[in-house]
Amino acid sequence: MTDQQLDLITLAGSTRKASVNKKLARLARDRARHAGASVEFLDLADYPLPLYDGDLEDREGIPAAAQELKARLRQCDGFLIASPEYNSSLSPVLKNALDWISRRKDADEPPLAAYRGKVAALVAASPGGLGGLRGLVPLRMMLGNIGVHVIPDQFALAGAFDAFNDADELADPKQAEQLSTVVEAWVATAARLKQHG
């Protein structure tokens with residue numbers, strides 16, 4: 001760990017109240033805190049955004065919710081996304097939020113300021129047998145293309161509707177250990193980059 005405490009974020013690519021990916025993102029938050037980082041869970045439901053439209057942006061500018069999200073991402077050292085799988089890809093609400101955050105408010109703002117140099121980890125939860133694994137492929141590609149350091153470790157939770165106990169913890173110790181391994185690698189990578197950055 002560094003002399004300065006890490007500032008990390010977890011979020012889910014879903015706005016559903018009962019989202020299994022929100023449960024997974026909150027678990028990841030708790031594990032990262034246990035590893036010594038300062039971690040906040042952000043709920044995309046608190047940041048409602050219109051579908052990205054260049055004409056809308058020209059008329060009205062970047063929505064306040066997108067500016068708030070971007071400011072928080074610019075401030076943090078890294079983020080973990082728990083991503084649902086929609087037809088073998090990422091969810092529309094997640095893609096839309098990432099697109100809005102990528103927009104520059106003015107010419108003085110560096111391109112992709114909320115993404116470049118950040119450390120990300122990817123996890124997924126799905127009721128299916130692959131646990132949302134296929135949806136992480138395009139998400140990893142997108143984030144890598146916009147300057148995010150995405151760690152190789154990832155976790156996909158299959159059978160997610162039955163995977164949590166009454167305390168919203170993972171019932172299977174092996175799955176819990178796999179999640180912890182990813183989170184610890186994410187925290188360690190972010191700490192190394194912060195120390196040498």
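Given +1 at the Cβ of Lys and Arg, -1 at the Cβ of Asp and Glu and no other charges, the dipole of the chain around its Cα centre is 280 debye to the nearest 20.
About the Cα centre of the range 109-197, how large is the charge dipole given +1 on each Lys and Arg Cβ and -1 on each Asp and Glu Cβ? Please answer in debye to the nearest 20.
Its charge dipole is roughly 600 debye.
What the Cβ-Cβ distance of residue 18 and residue 171 gives, at R0 = 22 Å and to the nearest 0.05, is a FRET efficiency of 0.85.
Of all DSSP beta bridges confined to the range 1-148, the antiparallel ones make up roughly 5%.
Membrane-span-like helices in the chain, defined purely by DSSP H runs whose alpha carbon atoms cover 30 Å or more axially and whose average Kyte-Doolittle hydropathy reaches -0.5, are 173-196.
With a Förster radius of 35 Å applied to the C-beta separation of residue 64 and residue 38, the computed FRET efficiency comes to 0.90.
Within the listed set 162, 77, 153, the residue fluctuating most in the Gaussian network model of the chain (springs between alpha-carbon atoms under 10 angstrom) is 162. Across the range 107-122, the residues whose backbone nitrogen lies under 20 Å from the label position 7 Å along the beta-carbon direction of residue 99 are 111-116. For the chain, the relative contact order is 24 percent, taking Cα pairs closer than 8 Å that sit 6 or more residues apart in sequence and dividing their mean separation by the residue count. Across the range 81-95, the residues whose backbone nitrogen lies under 12 Å from the label position 7 Å along the beta-carbon direction of residue 141 are 89-90. Given the C-alpha centroids of the range 1-73 and the range 103-153, what is the distance between them in whole angstrom? When both Cα centres are located, 12 Å separates them. Computed on the range 97-197, with alpha-carbon pairs under 8 angstrom and 6+ residues apart, the relative contact order is 27 percent.
A short reminder: the numbers here are calculations on the coordinates, not readings from a lab. Please read all numbers here as calculations on a predicted model, not as lab measurements. No Cβ is skipped: glycine too gets one built from the backbone with ideal geometry, and neighbour counts run over all protein chains shown.
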